[in-house]
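Undergrad: Here it is, the structure in full.
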Amino acid sequence: MTKRRAKIYFDGGARPNPGAMEIAVVCGGVVVIDDRPGVGSSLDAEWLALIAAARMARERGLTDAVLLGDAAAVVAQANGAAWARGGAAAPALIAAAPVQGASGPHAR
């Protein structure tokens, strides 16, 4: 029998856009919500949520997790299928780079 990949769900948003950001990550019934990541766009918030999900995977030792989000642009950028400008989240993206790769989490 094939081992199932762990699923980690992530979401982010900003109100208004741009405005105060909020992010959420869910894995194994554990919900983490951060309503104070700062001010930015909804795209920045989605990226921060993806980074939080990747960190959660690393902290739990999940080397083959699937990161599931609803922001198609962020998922495409994270998988290298679309160009990413960086924006306000760029320093955090660089810090998260080591968790990406063939043997690490995959965004969908």
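Undergrad: Please enumerate the residues belonging to segment 52-73 that are among the hydrophobic types (A, V, I, L, M, F, W, C) and surrounded by fewer than 24 Cβ atoms within 10 Å (Cβ to Cβ).
TA: Of everything in segment 52-73, those that are among the hydrophobic types (A, V, I, L, M, F, W, C) and surrounded by fewer than 24 Cβ atoms within 10 Å (Cβ to Cβ) turn out to be 52, 56, 57, 62, 65, 66, 68, 71, 72, 73.
Undergrad: Scanning segment 8-28 for residues that are at pLDDT 95 or above and loosely packed, with under 15 Cβ neighbours inside 10 Å, which turns out farthest from the chain's Cα centre (by Cα)?
TA: The qualifying residue farthest from the chain's Cα centre (by Cα) is 16.
Undergrad: Which condition number in (1) under 16 Å from residue 108 (Cβ atoms); (2) of a type in the set (Gly, Ala, Ser); (3) over 12 Å from the mean Cα position of the chain (by Cα) is the one that residue 53 fails?
TA: Exception for residue 53: condition (3).
Undergrad: Continuing with the same structure: Among the residues of segment 35-68, write down those that are touching a helix residue (DSSP H, G or I) at 6+ places or on another chain (Cβ under 7 Å), of a type in the set (D, E, K, R) and free of Cβ contacts under 8 Å to residues at least 40 places away in the same chain.
TA: 46 - this is the single residue of segment 35-68 that is touching a helix residue (DSSP H, G or I) at 6+ places or on another chain (Cβ under 7 Å), of a type in the set (D, E, K, R) and free of Cβ contacts under 8 Å to residues at least 40 places away in the same chain.
The values are calculated or read from the model by the stated rules, or taken from the named source; none is laboratory data. Being a predicted model, the structure only gives us computed values, none of them experimental. All Cβ positions, even for glycine, are placed from backbone atoms using ideal geometry, and neighbour counts span all protein chains on display.
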